[in-house]
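**Student:** One structure, as C-alpha cells, below. Some questions next.
Values quoted throughout were computed directly from the atomic coordinates according to the rules given, and no laboratory measurement underlies them. These figures come from a predicted structure and were not determined experimentally. Cβ: placed from backbone, ideal geometry, glycine included. Neighbour counts: every protein chain shown.
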Amino acid sequence: MTAGTAIKKGLFFLLVVAIVLYAVFPFYYAILSSLKTGSELFRVDYFPLAWNFDNYVSVFKQNPFATNILNSVLVAFFTVVLSLFLGVTAAYALARVRFRGRGLLLLTILGVSMFPQVAVLSGMFQLIRTLGLHNSLPALVLSYMIFTLPFTVWVLTTFMRDLPKELEEAAILDGASPWKILTRVFLPLMWPAMVTTGLLAFIAAWNEFLFALTFTLTNDKRTVPVGIALMSGASSHELPWGNIMAASVVVTLPLVALVLVFQRRIVSGLTAGAVKG
Amino acid sequence: MADKLSRSRVRSAWVFLAPTLIVLALVAAWPLLRTIWYGFTDTSLLEMEKSKWVGLDNYTGKGGLLHNKEWWQAVRNTLWFTLLTVSIETVLGTIIALVLHRSFPGRGLVRAAVLIPWAIPTIVSARMWSWMLNDQFGIINHMLLGLGIIDTPKAWTADLAMTSIVLVDVWKTTPFMSLLILAALQMLPKECYEAAQIDGVHPVKVFFRVTLPLIRPALMVAVIFRALDAVRVFDLVYVLTTGTKDMATMSIYARQQLIDFNDVGYGSAASTLLFFIVALLTILYIFVGRVKLGDK
C-alpha cells in the first residue's frame, strides 16, 4: 500500500465517521439529556455522567403519556390492518385482471398520495363532524387512509404484477373463485411485500401530526406526536426539557429498533414507492 | 367460453376494487371538493352548516389572498424553504449515496445509522433540535462558541428561524434522498466504471461524465418527490418556530386561518391554492418519472 492510498483510505474512513455522527448525534444527545435532571440539564456534556431515570418516571406521572402511547398504538395498528386489507384486494384487481381504465385508475390513486394534507383539512373536518367522529380515534384511522392506502395499493400492485402467470392459471381452470385465488394462491406469496408496506404505513401513522392535532381535542384522545408537541411548562420559557427528551426517546426507540431489524425491507419499500413507479 | 370467463373476472375485479374506491372517494375526493367549495364561501368554523357563496372574494376580493401580504410572505417562505432544502439534500444525499455504494466493513451498520433520522417522528426531531438549538443552554451555540465560529450565542429558532428549519429538515430527509440515489447507483452497469478506471480517468471526472448523466432520471424523480414533500411542510415549522409569525409556510397559514381564526372560507381558499401548486408538481413528477402503467 502506498502512502497515497493510505491517505485516501483514511479520508474515506473520516467521511464515514462524519456521516454516522451527523445522523446519530441528535438522538444520542436526546438520550443524554433525558438522563439528567435539575441544573445538570443546563450544562452541556458530551458523555453521560450519571444514569438518572427521574425524567422517565415524571413524564408518565405528569402527563397522560401512557394513554397517548396506547392511542398511537391503536391508531397505527388499525390503520395498518385496514389499509393492508383494502390494499391487497385492490392490488389483485389492478395487477392481475385486464380491464379498461386500469392505467388511469392507478394514476389517480398515485395522484391521491400526493395530496397535501392541508388541502383536504376543512372538508375532512366537516366529514368527521358529520359522521360524529370528532375527537375520537376512528376519525384518525379513517383520515389516515388518504396517505396509507394509495401507497399500499401502489406497492402491492407492483409486487403482484411481477408474479408469474402460471400461478393462477391452474386455479382458474379448476374453477376457483377470485377470492379463493387471492387468499390461497397469492396471499402466501405476498408476505414480504405486506410486511414492508405494513411497516411503512405503521411508521406514517405513528408519526402523523396535522390530522391528529386538528381532529382531537382532549388529552385522553391525543396521540404521541401531539402529546409531545403540546408538552409545556409553567410558562413558555420554562419548557420541561428533561421530560420532553425522555418522551422523545420513549417513542423513538421502538422505531429505531424497527429500522435496525427491517432495514432491508424498509429500503426496498421506500425505493419501490418512489423510483420504481 | 374464454370471453365469458374474462368478463366475469372483470366483474369481480370491480367488486375487489370497490371498497378501496369508496374509501378513497370518502377521504380524498369528497373532502377535496368540499374544501374547494368552501373556498368560495364565507363559512365559519363555529357554524359550518351556514355558508354564503361569495364567489372569488377570498381570492381576488379586497382582503383576498392575492392582496394579502402575509399570504405572499408564506408563499415566499415555502418556496425558499423548498429550494434550499431540496438542493442541499440532493448534494448531501448524493455524497452519502456514493459512500454507501462502495463496499467497506460495517457498511450495513452505517446504512442503518443513516436511516435513524428518517425514522424519528418529525415532531420529535423538531423538539430534539430546538433543545440543541436553545439560545441559552443549547449544545450548538456551545460548540460554535467553543470553536470560535460565533462570538455571541445566537437565537436560532427566533432570529434565524429559516436557517434552523432548513438545518433540521436537511438532517431529517437527506437519508431518504440518499437511499433513492443509492438504489439508482446500484442499477448502473459496472462496465462503464471499469472502462473508465482502466483509462485512468480521475474519479471526480468519472462521476460528472459517467455516473451523473446515468442517474439523472432517477435523481430528477427523487428531487420532485422531495419538492412535493417540502412544499407542504407543516409539523417542523409548527413546533420549531412557535410564535415567529413571519416564518409561516403555506400549510401553516392555511391551518391558522381555518382553525385558529375560525375562517373556513378563507383558509380553504389558501388550501386550494396550495393544492394546485402540488398538483402541478405531481403532473411534472408523473411526466418525468414516465410511470409504468401496467398496460404495455
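**Student:** Based on the Kirkwood radius over alpha-carbon pairs, what value in µm²/s does the Stokes-Einstein equation return for the translational diffusion coefficient of the stretch A:148-277 at 10 °C and 1.306 mPa s? Numbers along the way, then the final one.
**Tutor:** Values: Rh = 18.0 Å.
Approximately 88 µm²/s, per Stokes-Einstein.
**Student:** Hey, another quick one. Rounded to the nearest 0.05, what FRET efficiency do A:Thr130 and A:Leu230 give with R0 = 41 Å and r taken as the Cβ-Cβ distance? Could you check? Mind dumping the intermediate values first?
**Tutor:** Working: r = 27 Å, r/R0 = 0.65.
Computed FRET efficiency for A:Thr130 and A:Leu230: 0.95.
**Student:** Evaluate the relative contact order of the stretch B:72-289 (contact order divided by residue number), counting alpha-carbon pairs under 8 angstrom at least 6 apart; express in whole percent. Mind dumping the intermediate values first?
**Tutor:** Details: 218 pairs, mean separation 63.6, N = 218.
Result for the stretch B:72-289 is 29 percent.
**Student:** Then there's this: Under the classification rounded if a/c is under 1.5, otherwise prolate if a/b is larger than b/c and oblate if not, where does the stretch B:75-136 fall, given a ≥ b ≥ c as square roots of the Cα gyration tensor eigenvalues?
**Tutor:** Values: a/c = 2.73, a/b = 1.43, b/c = 1.91.
Oblate.
**Student:** Given the C-alpha atoms of the stretch B:17-102, compute the convex hull and give its volume per residue in Å³.
**Tutor:** On the way: hull volume 15.3 nm³, N = 86.
Considering the Cα atoms of the stretch B:17-102, their hull volume per residue is 178 Å³.
**Student:** For the protein assembly as shown, what does the equivalent ellipsoid look like in terms of its semi-axes, each the square root of 5 times an eigenvalue of the Cα gyration tensor, given largest first in whole Å? Numbers along the way, then the final one.
**Tutor:** Numbers: eigenvalues 282, 231, 116 Å².
Semi-axes from the Cα gyration tensor: 38, 34, 24 Å.
**Student:** Something else: Counting Lys and Arg as +1 and Asp and Glu as -1, each charge on the Cβ, what is the dipole of the protein assembly as shown about the Cα centre in debye, to the nearest 20?
**Tutor:** About 1660 debye.
**Student:** Follow-up. Can you compute the FRET efficiency between B:Asp3 and B:Val210 using 1/(1 + (r/R0)^6), with r the Cβ-Cβ distance and R0 = 60 Å? Round to the nearest 0.05.
**Tutor:** Details: r = 52 Å, r/R0 = 0.86.
That gives a FRET efficiency of 0.70.
**Student:** Mind checking Rg over Rh on the stretch B:106-207, alpha carbons, Kirkwood formula for Rh? Provide the component values of the computation, followed by the final result.
**Tutor:** On the way: Rg = 19.4 Å, Rh = 16.8 Å.
Using only Cα positions, Rg/Rh for the stretch B:106-207 is 1.16.
**Student:** Compare the Cα positions of A:Phe65, B:Ala248, B:Ile22 along the charge dipole of the protein assembly as shown (+1 at Cβ of Lys, Arg; -1 at Cβ of Asp, Glu; about the Cα centre) and return the one farthest towards the positive end.
**Tutor:** Towards the positive end, the residue furthest out is B:Ile22.
**Student:** Tell me, what is the percent relative contact order of chain A, built from C-alpha pairs under 8 Å that lie six or more residues apart?
**Tutor:** On the way: 245 pairs, mean separation 84.1, N = 277.
Result for chain A is 30 percent.
**Student:** Classify chain B as rounded, prolate or oblate from the Cα gyration tensor: take a ≥ b ≥ c as the square roots of its eigenvalues, call it rounded if a/c is under 1.5, otherwise prolate when a/b beats b/c and oblate if not.
**Tutor:** Working: a/c = 2.23, a/b = 1.12, b/c = 1.99.
Oblate.
**Student:** Shape of the stretch B:198-283 from its Cα gyration tensor (a ≥ b ≥ c, root eigenvalues): rounded if a/c is under 1.5, otherwise prolate when a/b > b/c, or oblate? Can you show the working numbers first?
**Tutor:** Working: a/c = 6.33, a/b = 2.62, b/c = 2.42.
Since a/c reaches 1.5 and a/b is larger than b/c, the shape of the stretch B:198-283 is classed as prolate.
**Student:** Still on this structure, I have one more. Find how much the distance from A:Val261 to A:Ala170 grows on full extension, using 0.36 nm per residue of separation minus their present alpha carbon separation; answer in nm with one decimal. All intermediate terms of the calculation are to be shown ahead of the outcome.
**Tutor:** Working: separation 91, 0.36 × 91 = 32.76 nm, distance 3.72 nm.
So the chain would gain 29.0 nm between A:Val261 and A:Ala170.
**Student:** What distance in nm lies between label points placed 7 Å from Cα along the C-beta direction at B:Lys62 and A:Asp45?
**Tutor:** Spacing of the two 7 Å Cα→Cβ label points: 6.2 nm.
**Student:** How large is the dipole of chain A about the Cα centre if only Lys and Arg carry +1 and Asp and Glu carry -1, each at its Cβ, rounded to the nearest 20 debye? Working shown, then result.
**Tutor:** On the way: 19 positive and 11 negative charges, 133 e Å.
Using only the charged Cβ atoms, the result is roughly 640 debye.
**Student:** Here is a further query. First measure r as the distance between the Cβ atoms of A:Leu104 and A:Ile31, then evaluate 1/(1 + (r/R0)^6) with R0 = 41 Å and state the FRET efficiency to the nearest 0.05. The partial results should precede the final answer.
**Tutor:** Details: r = 49 Å, r/R0 = 1.20.
The formula returns an efficiency of 0.25 here.
**Student:** Also, quick follow-up: Quick check on chain A: helices-only [θ] at 222 nm, where DSSP H runs of length 4 and up contribute -39,500 (n - 2.57) each and the sum goes over total residues. Nearest 500, please. Working shown, then result.
**Tutor:** Numbers: 12 runs with 190 residues, N = 277.
When only DSSP H runs of four or more count, the value is -22500 deg cm²/dmol.
**Student:** For A:Ala50, what charge total do you get from the other residues with a beta carbon under 11 Å from its beta carbon, if Lys and Arg give +1 and Asp and Glu give -1?
**Tutor:** Details: positive: A:Lys36; negative: A:Glu40, A:Asp45, A:Asp54.
Once positives and negatives cancel, what remains is -2.
**Student:** Could you tell me what % of all Cα pairs in chain A have separations over 22 Å? Could you put the intermediate results ahead of the total?
**Tutor:** Details: 25835 of 38226 pairs.
The answer is 68 percent, as a whole percent.
**Student:** Sticking with this structure for a sec: If you place +1 on the Cβ of every Lys and Arg and -1 on the Cβ of every Asp and Glu, how big does the dipole about the Cα centre of the stretch B:72-289 come out, in debye to the nearest 20? Mind showing how you got there, number by number?
**Tutor:** Details: 15 positive and 13 negative charges, 96 e Å.
With only Lys, Arg, Asp and Glu charged at Cβ, the dipole is about 460 debye.
**Student:** When the helix-only estimate is applied to chain B (DSSP H runs of n ≥ 4, each -39,500 (n - 2.57), divided by the residue count), what is the mean residue ellipticity at 222 nm, nearest 500 deg cm²/dmol? Walk me through the numbers before you get to the answer.
**Tutor:** On the way: 14 runs with 198 residues, N = 296.
My calculation for chain B gives -21500 deg cm²/dmol from helical runs alone.
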